[in-house]
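In what follows, a single structure is set out as structure tokens and then discussed.
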Amino acid sequence: MLDVGRHPNISLMAYSEIEKVEGHEGNFTVTVRRKKRYVDEAKCTGCGACAEKCPTSVPDAFNTGLGTRKAIYSYFAQGIPSTHTIDPDFCRQLNGKKCGICQKTCQADAIDFDQEDKIVELDVAGIIIAAGYDVFDPSQIPEYRYSELPNVLTALEFERLLSASGPTDGHLDLPSDRAVEAEIKALEKKIGKSKRMLEKFEKKFDESSKQFYEKYNKGDYSDDKDRKKWADKYAEYLAIMEPLEDLKKKAESFTTAKRLAFIQCVGSRDFRFYPFCSGYCCMHSIKEAIIAHEHENETTSRIFGMDIRAIGKGFEEYKIRGGNNSNITYVRGRVGEISQGPNNNPVVTYEDTHERLVKSQEFDMVILATACVPTIGIIELAKILGVELDKYNFIKTSPFSPVDTNVPGIFACGCAGAPMDVPESVAQASSAAERAAEIAIQLRQVQNVQF
Amino acid sequence: MNKDILVIGGGIAGMQSSLDLADMGVKVHLVEKLPSIGGKMAQLDKTFPTNDCAI
Amino acid sequence: MPENRDNDVRIGVFICHCGSNIAGYLEMETLAEYTETLPNVTFVQRNLYTCSEGGINEIKKAIKEQNVTRVVVASCTPRTHGPLFMSSCGEAGLHPYLFEMVNIRDQCSWVHMQLKEDGTTKAKDLIRMGVAKAALLEPQEPIMSDVQLRALVIGGGIAGMTATLALANRGYEVVLVEKQEALGGMLNRLNKLGPVMTDASGFIEGITEKITQHPKITAFTNSQVTEVQGFIGKYKVDIETESKTRNIDIGVIIVATGGRVFVPDGLYGYDGKKVVTQLEMEQLLKKGLDSNIKNVVMIQCAGSRNEERPYCSRICCQTAVKNAMLIKEQIPDARVSILYRDMQMYGVENEEMFRDSKAKGIRYMNYDPEKPPEVKPVAKSVQVSVYHSLLGQELTLPADLVVLSTPVVAQEDAVATSHLLRIPVDENGFFLEGHVKLKPLDFATDGVYLCGSARFPANIREAVAQGLGAASRASIPLSKGSVVVEPIISVLTNEEACRGCGLCVALCPYSALEIQNTEKGRKVHVIDVACKGCGVCAATCYQHALSINSFTDQQLEAQIDAFLEVS
């Protein structure tokens, strides 16, 4: 990633979109819209002082919404370019409120609220589409109740929980517990405010609120307006304090997730959604189970799948190692339903096809291995490029020319063409580079030698 | 005749294509929709089967 | 020993605030004051961002105006900003390798965020060590070596042929060496290619013609590579053909030697007649099946996913499904059953073929590896009994033909090839790429590349993609015409001391060392363009004969001594 940012032959245009493509192989004219970041790319050093001071917190897309970032942000800590971006949907200044804190903070003078989109025209010989994929949205599957049950996550969300740089610093905190902790935080903030108010009264009347309130309830000071206000505030305080203490007590018993279920083929190999196999999800689940076990070695995982497709180099061995060393068991069967058990624990109901029994089991957390599906922008992009898609909206290629599209001079690689894992993507990326280079580099005139 | 190449997408595939071409001496324009390149792989904690870091 | 350069060592130290990333957590003023007291330091400056244009200009100014002869930047990680600072020194007329970087962000302000005093003390230690090393830095010149603009492709299967054509289409000369008498490899023994069911022979003929007619390609069949000497850009390769042995200069090498299909002698009653492999099935289908065949049973994982061969061979399930469908095409009322453990029909095309096959009436039965199927001869045919693990019942299937899906295994001469090219193989005998995730088509050694089933079993789409991809990787040094290597490499600084024991040669991961017979006896020789400066050799050499540029023993000792002083 760093090499890309630094390479003298690569001009990087992040936060940009393709608007128009004209011409043909060897001679394309491409119009690119460079979206306004409201931050001067040349001046921003990526130090992050602005984001530290920004008062607006928003859900962090990079952390799949599990954490928060500020309205001015770098997409992720090691992102290239490190240029920050203002989110126009949430920035106070851009929404007519008084703020501009980032501008005052920035010592590089990079903030520019008047920035406009830039239109750039490029003349290129060939185009490589590496537009990637989207993760299937499992809320479409009613029986898995993804949107209702807090402790049912997607594989990518789980990935962020495992990450040391993620929202939980790599701990498998349950989302239901995190919600309680967030509530505690919010109540503590309220309590703080309330306490400060009470302190004012306590100072004024030189008495503790508690003592005063006992007397007040006995009927003393019934006609004192100021003291009535004090009493009301104290009642408010108690009304927050009681649930807060209950929640805090509850939070004492919170533990990380240790009983994990992984459900394969969520949205894939499913006629209601996508009939194809995404190829990498079985291995992804095994990896996540192995890493979770590395984090806490009493973790147990069950992987529910039809076929466990460990088809790459070293994959089958990895799968077996996971079973032997990482407390993973593999269950051949499709999960029929996920329901709510005690303490927000999801309960998985499945058919064990080897035992020919329908069973239910309670887990701390359920992880859905969601399908790799065509990216949402691909239809529009294909239209702009004149490129043909297959019936699922992956870019159409042939097995004999795996990176050539129907348009000469336009190539495709990675998951834009079909789901595949990282080494296949890397290999295809080089293939596409090869095909593009055949157009871009004039043929070398090297003397032929006969041996 | 133009000599540059446009790569659409800054995930692992787009980055690898760009690097190969750039190393061959071809000028590459890499366009990414999001604020930073890296794609899905940057979101992964570690990768199978070697459990190496993703970035 | 390097000469004493104290007289002209004038060190400039730039301490970066990185906005508040560093300055927020360390005592910057104390740090700067302390740095001024260090030996040889003649100039100290703090910058808000040393990496910004303003910061860079300050470095250049100090080199010119303050006559600074060594630059130390105390900031973030050299991974991101080292090259920028080095080239900036160069632009100002100071040799780029007279630069040293100290990481007081990642190693001080970030990790000791809550401990301002301790973090500052550690930053003092690191700067003191950096300054001590900087005083001993020596200029280094980048190493350059020409690349012979000719590629060698070993193996004329589909992956090798694709790579050959791609490189030739780019204008490079390619020498293709094939062991067999015809090009085509495994494809010569196949019937149709899934999932589109194209004739393998027609496909191969088309490519073979392109190869034989291409003016840039010399294809040697019935030939093999017998000797490889040299390194990236400058290989000397012996190729033994039918008529003679030729010695050819080569720049880069692509390994596309393919795999072979495991022959299941002694497994499931294999006899090559009633019980055949999928590869043999391809030929039966090509000839046309005997119409008396009514019952066919296929057994998956025959000889794979077991203790001996633990891996899944990736392509056997798709081959079985393809052949099952072709059987149904020839004999529509044939009953075809596939006994499987997991159907490995990954991806879009395979899964689609899998579904189609079910619609065509192919039957799938899940078996338990603990209770594998048994094949018994009865009268003129055979009988397969299997414990159907989903029904929980023992079934007996009559079979006119049993087809075993055996894995692709490494070539018999893979180990010999690995010795010839000094490249590794994995525990299953396939070649081991540079990185299974990120460098699937490279080796750790520069100049040698990999594609097709020599790496791991690949179907046609994957083999073609990898052939093209390996061509791309191999074309990089060819298109540059030379290899430029950073001079941070191993050097035989004390030739006297070297005893030619070869310990370092055995441990070098990049094949960058060799033992030569010199007038002074056996001595190690560093192939400088192959060396990556990892330092394994220098650390191993008990005679201290080898040393790494810019990480010499003296420089490291100076750093250690500086560390042991109390700040």
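Each value in this text was obtained by applying a stated rule to the coordinates, not by laboratory testing. Worth saying up front: this structure is predicted, and the values here are computed from it rather than measured. Note that we place each Cβ from the backbone using ideal geometry, even for glycine, and neighbour counts take in every protein chain shown.
Here is how the numbers come out for the structure above:
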item	result
In segment C:245-311, trypsin sites (Lys or Arg not before Pro) in a DSSP loop with at most 12 other beta-carbon atoms within 10 Å	C:K273
Charge dipole (debye, nearest 20) of segment C:419-530; +1 at Cβ of Lys and Arg, -1 at Cβ of Asp and Glu	180 debye
Distance between modelled label sites at C:K210 and A:D232, nm, 7 Å Cα→Cβ extension	8.5 nm
Residue (of A:A310, A:I378, A:F276) at the positive-pole extreme of chain A, dipole from beta-carbon charges	A:I378
Within segment A:376-450: Cβ-based charge dipole about Cα centre, in debye rounded to nearest 20 (Lys, Arg +1; Asp, Glu -1)	160 debye
Note, ³J(HN,Hα) from phi for segment A:330-338, Karplus 6.51, -1.76, 1.60, rounded to Hz, x at Gly and Pro	9, 10, 8, x, 9, 7, x, 7, 10
Between segment C:415-464 and segment C:510-532, the alpha-carbon center distance in angstrom	25 Å
Distant-in-sequence amide H partners of A:F262 (H built 1.01 Å from N, under 5 Å)	A:R302, A:I303, A:F304, A:I367
Peptide ranges C:228-240, C:550-562, A:66-78, A:404-416 listed from the most packed, as the mean C-beta count within 10 angstrom indicates	A:404-416, A:66-78, C:228-240, C:550-562
Positive-end residue of A:G267, A:I240, A:T299, charge dipole of segment A:185-339 with Cβ unit charges	A:G267
Normalised contact order of segment A:72-176, rounded percent, pairs of Cα under 8 Å and 6 or more residues apart	10 percent
Karplus-derived HN-Hα couplings along segment C:219-233 (A = 6.51, B = -1.76, C = 1.60, θ = phi - 60°), whole Hz, x at Gly and Pro	9, 10, 9, 6, 9, 8, 7, 10, 8, 10, 10, x, 8, 3, x
Relative contact order of segment A:2-124, pairs being alpha-carbon contacts under 8 Å that are 6 or more residues apart, as %	33 percent
Under 12 Å from C:K64, Cα to Cα: aspartates and glutamates that are on another chain or at least 8 residues apart	C:E91
Flagged links, alpha-carbon separation over 21 Å, of A:K43/A:K104; C:K179/C:K236; C:K287/C:K322; C:K216/C:K439; A:K20/A:K118; A:K70/A:K189	C:K216/C:K439
Size of electric dipole in chain C: Cβ of Lys, Arg +1 and of Asp, Glu -1, about Cα centre, debye, nearest 20	1740 debye
Reachable aspartates and glutamates, given that their alpha-carbon falls under 20 Å from the alpha-carbon of A:K228 and they are not under 8 places away in the same chain	A:E199, A:E202, A:D206, A:E207, A:E214, A:D220, A:E236
For segment C:239-247, 3J(HN,Hα) per residue [Karplus equation, 6.51 cos²θ - 1.76 cosθ + 1.60, θ = phi - 60°, Hz, x = Gly/Pro]	10, 8, 9, 4, 8, 7, 9, 10, 10
Estimated [θ] at 222 nm from DSSP helical runs (n ≥ 4, -39500 (n - 2.57)) normalised by residues in the protein assembly as shown, nearest 500	-9500 deg cm²/dmol
In segment A:334-437, trypsin sites (Lys or Arg not before Pro) in a DSSP loop with at most 12 other beta-carbon atoms within 10 Å	A:R356, A:K391
Sites A:A239 and A:R92, calculated FRET efficiency, Cβ-Cβ separation with R0 35 Å, nearest 0.05	0.70
Alpha-carbon centroid distance for the pair segment C:99-172 / segment C:274-299, whole angstrom	55 Å
5 angstrom amide H check on C:M298, placed H, neighbours 5+ away	C:S337, C:I338, C:L339, C:V403
Cα long-axis angle, helix A:422-440 against chain A (0 to 90 degrees, to the nearest 10)	50 degrees
Segment A:376-450, relative contact order in percent, only Cα pairs under 8 angstrom and at least six apart counted	20 percent
Förster radius 45 Å - calculated FRET efficiency between C:T245 and C:H435 (Cβ-Cβ, nearest 0.05)	0.80
Inter-label distance for A:K249 and A:D224, nm, one decimal - labels placed 7 Å from Cα along Cα-to-Cβ	3.3 nm
Interchain or long-range residues, amide H under 5 Å from C:I254's placed H	C:L152, C:V153, C:I154, C:Y449
With Cα atoms, 0 to 90° folded angle of helix C:200-213 axis to chain C main axis	50 degrees
Alpha-carbon centroid distance for the pair segment B:12-32 / segment A:239-305, whole angstrom	36 Å
Cα gyration tensor shape for segment C:263-404, rounded if a/c is under 1.5, else prolate or oblate	rounded
